[in-house]
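Written out below as structure tokens is the structure these notes cover.
What follows is calculated from the coordinates using simple rules that are stated; it is not laboratory data. Quantities reported herein were computed from a predicted structural model and do not represent experimental measurements. Neighbour counts run over all protein chains shown; Cβ positions are idealised from the backbone, glycine included.
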Amino acid sequence: MDLKALYREVILDHYKAPRNTTPLVQPDRQADCRNPSCGDKIKLQLKFDNDRVSEVAMLGNGCAISQASASMMTEALKGKTFAEIDRVVEEFRAMIVNGSTEFDRQVLGDLVILEGVAKLHARVKCAMCGWSALDAALHGDGSDVNLDEDREMPASSRG
């Protein structure tokens, strides 16, 4: 199977059967992101055990890329600490937003399959919607993010 076919297969799989979509009871942190230009809406909920993600939920709807990216993100967050999450966000941002080829593939793991989105400029916001909700949940006040008004992408690691 070639890389493009694998990319399409993974996107469609996560779009048709998104992971971690059961709402959490009393999440420790949560935030919403909207991408009005594409109609994407994502609510991210997180629970922590000490400083590690113990549970994560992604609720929402939108295009295949936004839903697949958020679904894959929830899988990548499980068991990670704040510092580890910031590292994943930093590498994902470098890959998707900056179009860098100098990102840490080991840190990203399966998320590397989304590398081609960087070439689809109109879809970068879609891919980043869940990640923007993550940034707001972890580093902001948990308020809603509107990608057309507030900011385009999550900031890199804030230490």
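Available extension along the chain between Arg52 and His121 is 21.5 nm, counting 0.36 nm per residue and deducting the alpha carbon span. Charged side chains reduced to their Cβ positions (Lys and Arg at +1, Asp and Glu at -1) give the chain a dipole of some 340 debye around its Cα centre. Highest GNM mean-square fluctuation among Asn98, Asn50, Asn146, for the chain modelled with Cα contacts below 10 Å: Asn50.
Hey, what D do you get for the chain in µm²/s if you plug the Kirkwood alpha-carbon radius into Stokes-Einstein at 10 °C and 1.306 mPa s?
The estimated diffusion coefficient comes to 104 µm²/s.
Across segment 50-64, coupling constants 3J(HN,Hα) worked out from phi with the 6.51/-1.76/1.60 Karplus curve, θ = phi - 60°, read 6, 10, 10, 5, 9, 9, 8, 9, 10, 10, x, 7, x, 6, 4 Hz, and Gly and Pro carry x.
A Förster radius of 22 Å combined with the Cβ-Cβ distance from Lys78 to Glu9 puts the calculated FRET efficiency at roughly 0.50. Residue-wise HN-Hα couplings along segment 65-71, as the Karplus relation 6.51 cos²θ - 1.76 cosθ + 1.60 with θ = phi - 60° gives them from phi, are 5, 5, 6, 5, 4, 5, 4 Hz; Gly and Pro carry x.
Any chance you could list the semi-axes, whole Å, largest first, of the equivalent ellipsoid that the Cα gyration tensor gives for segment 92-146, using √(5λ)?
On the way: eigenvalues 91, 38, 14 Å².
Whole-Å semi-axes of the equivalent ellipsoid: 21, 14, 8.
Starting from segment 1-82, pick out the GluC sites (Glu not before Pro) whose DSSP state is loop and whose Cβ has at most 11 other Cβ atoms within 10 Å. Provide the component values of the computation, followed by the final result.
Numbers: sites: Glu9, Glu55, Glu75; in loops: none.
The qualifying sites: there are none.
Starting from segment 80-119, pick out the GluC sites (Glu not before Pro) whose DSSP state is loop and whose Cβ has at most 14 other Cβ atoms within 10 Å. Write down the numbers at each step before the final one.
Working: sites: Glu84, Glu90, Glu91, Glu102, Glu115; in loops: Glu102.
Qualifying residues, ordered by number: Glu102.
Distant-in-sequence amide contacts of Lys80, defined by a placed amide H-H separation under 5 Å and a gap of 5 or more residues or a different chain, comprise Val53. Comparing Cα centroids, segment 111-136 and segment 6-49 end up 12 angstrom apart.
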